[in-house]
1. Look at the range 207-223 and say how many of its residues are closer than 22 Å to Cys151 by Cβ and over 17 Å from the mean Cα position of the chain (by Cα).
2. Is there a residue in the range 278-291 that is in a loop (DSSP other than H, G, I, E, B), among the charged types (D, E, K, R) and modelled with pLDDT of 90 or more?
3. Cβ-Cβ under 9 Å, sequence separation 6+ or interchain: first residue in the range 106-129 and free of Cβ contacts under 8 Å to residues at least 24 places away in the same chain, partner open to solvent by 30 Å² or more (accessible area, probe 1.4 Å) and of a type in the set (Val, Ile, Thr). Which pairs?
4. Taking the range 177-196, which residues are at pLDDT 90 or above and under 16 Å from Leu219 (Cα atoms)?
5. Of everything in the range 131-156, what is over 16 Å from Leu208 (Cα atoms), outside any strand (DSSP E or B) and open to solvent by 40 Å² or more (accessible area, probe 1.4 Å)? Give them in sequence order.
6. Of the residues in the range 216-240, how many are in a loop (DSSP other than H, G, I, E, B) and either of a type outside the set (D, E, K, R) or open to solvent by less than 50 Å² (accessible area, probe 1.4 Å) (or both)?
7. Cβ-Cβ distance below 9 Å, separation of 6 or more or different chains: which pairs start in the range 8-35 with a residue that is under 12 Å from Asp50 (Cβ atoms) and among the acidic types (Asp, Glu) and end on one that is open to solvent by 10 Å² or more (accessible area, probe 1.4 Å) and modelled with pLDDT of 85 or more?
8. One residue is enough: does the range 195-206 have a residue meeting the conditions open to solvent by 40 Å² or more (accessible area, probe 1.4 Å), outside any loop (DSSP other than H, G, I, E, B) and in contact (Cβ under 8 Å) with a residue 24 or more places away in the chain?
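The values are calculated or read from the model by the stated rules, or taken from the named source; none is laboratory data. These numbers were taken from a predicted model, which means no experiment stands behind them. As a convention, Cβ positions derive from the backbone with ideal geometry for all residues, glycine included, and neighbour counts pool all protein chains shown. Just so you know, the surface numbers come from the protein's heavy atoms only, side chains and all, with ligands and any DNA or RNA stripped out. Shrake-Rupley method; radii C 1.70, N 1.55, O 1.52, S 1.80 Å.
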Amino acid sequence: LASGSEDGTVKVWALDSCLCVQTLLDHWGGKRVFCVAALPEGRVIVGTDDGLEIWDVSDDAFEPDSSDDESVDGRRTVRPFDPRLLYTLPDPRPPYPGGDQVNCVAVLPRGRVAAGGDENLLVWDLAERRVLHTLMENVFVNCVAVLPNGCFVSGAGIQPNENWDEDEENHYATHLKVWHPDDGRRLQSLDGHLGGVQSVAPLPDGRLVSAASFPDNHLRVWDLADGRCLQILRGHANCVSCATALPNGRIVSADQYATSTLKVWAERDREIETQVAREVARQRAVDDVVPEIAKFI
């Protein structure tokens, strides 16, 4: 398991012992880490406030160095400018004021990655180290996730526009879009959130869950086959910062700020609900009204 922190470190953990076995220390001098994803062949891709970095964290990449001040009990430590930092991928365009921050990254098929930042959403070819597609501009891309069919979905937050007013309601970009990784086509736009989309995750059976910030603070479950919102999950009092799916199909979400609440959502059995609703309608309505009621179930 690899984790990144705004303290500028990336740590690799052994899950069987819960110990940190590697610490990547190239990020000093104020550089922060916002996202980490696993690549093949023992590599990880790291999103910082200065672009993307690819590291080799395979088992044979480092030797324990007991002479290192930061090496404890054989823990491996990567020093600044260590050769295991394989290469970096800076934003090829002039930077937006505040840097080339990468907020999220997802590994796509065929050696590509999607990376969302403070101003755009890019698809990179790692072998050629070049941008294949620039999919969105002038939006804060907060989250990106790969779907089972190889396409990917992105969620955007606040628009970095020089005239935006923090007190205005319309400065929230509510973009939730599905993309084709090969040609960069936008396949779907899922509309409904009132606040910026903070997190997105695929669910079983072709569904998707997304989480939004103020003034929304809700989760939405989507049917990717037709783009319909199937369910709105209300209950969080503040910005819903993350959401994911458990193996049993339930959804876990968390909000932030004063409440800092973690919620587990159990999906209701829609088939049983429909049967009960139809039976109630049949008992309470005359025969010619039942078909009309069924249309709304």
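1. 1
2. The answer is no; no qualifying residue exists.
3. So the pair list comes out as Asp125/Val131.
4. Kept after step one, since they are at pLDDT 90 or above, are these residues of the range 177-196: 177-190.
Selection gives Lys177, Leu190.
5. Asn138, Phe140
6. So the count comes out to 11.
7. Asp26/Leu85
8. Yes; the residues of the range 195-206 include at least one that is open to solvent by 40 Å² or more (accessible area, probe 1.4 Å), outside any loop (DSSP other than H, G, I, E, B) and in contact (Cβ under 8 Å) with a residue 24 or more places away in the chain.
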